[in-house]
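Presented below is the structure to which this report refers.
The values are calculated or read from the model by the stated rules, or taken from the named source; none is laboratory data. Computed from a predicted structure; not experimentally measured. Heads up, the Cβs are rebuilt from the backbone with ideal geometry, glycines too, and the neighbour counts pull from every protein chain shown.
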Amino acid sequence: MVIYLQTPVDLLRKRVEKRNINYEQKISTEYLEKIAASYSNYFHNQHKSNVLIVNNENIDLLEDSSALNMMVDRIMGITSIREYFNPQFI
């Protein structure tokens, strides 16, 4: 099973800046846009194994343990090869 945390590029950029890891600061927005589009295409259209596609815009799994618990509950409830999860948590 793959869990794909689909995140808007502007939020990815903010999270990279917040982590403040030196080598990550050099990642361009254009690169993030290309890789996000590639991942989206792959997991929505080409990936053949079980996948949970999570809208990661309104949750913070690193900072909020209740969001992590909600994610674990959702994973345990998966019943099909491709499922979508759109939590509205923040």
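Brief remarks follow.
- Where a residue in the range 61-75 is of a type outside the set (A, V, I, L, M, F, W, C) and its partner, wherever it lies, is outside any helix (DSSP H, G or I), with Cβ under 6 Å and at least six apart: ARG74/PHE85
- Sole exception among (1) outside any helix (DSSP H, G or I); (2) over 19 Å from GLN88 (Cβ atoms) for LEU5, by number: (2)
- Flag: SER49 matches the condition of being modelled with pLDDT under 90 and either of a type in the set (Gly, Ala, Ser) or closer than 26 Å to GLN88 by Cβ (or both).
- Look at the range 6-28: where a residue is in contact (Cβ under 8 Å) with a residue 24 or more places away in the chain and a partner is surrounded by 11 or more Cβ atoms within 10 Å (Cβ to Cβ) and of a type in the set (Lys, Arg), sitting 6+ places away or on another chain with Cβ atoms under 9 Å, you get THR7/ARG15.
- When the range 50-79 is filtered for residues that are within 12 Å of the chain's Cα centre (by Cα) and assigned to a helix (DSSP H, G or I), only MET71 remains.
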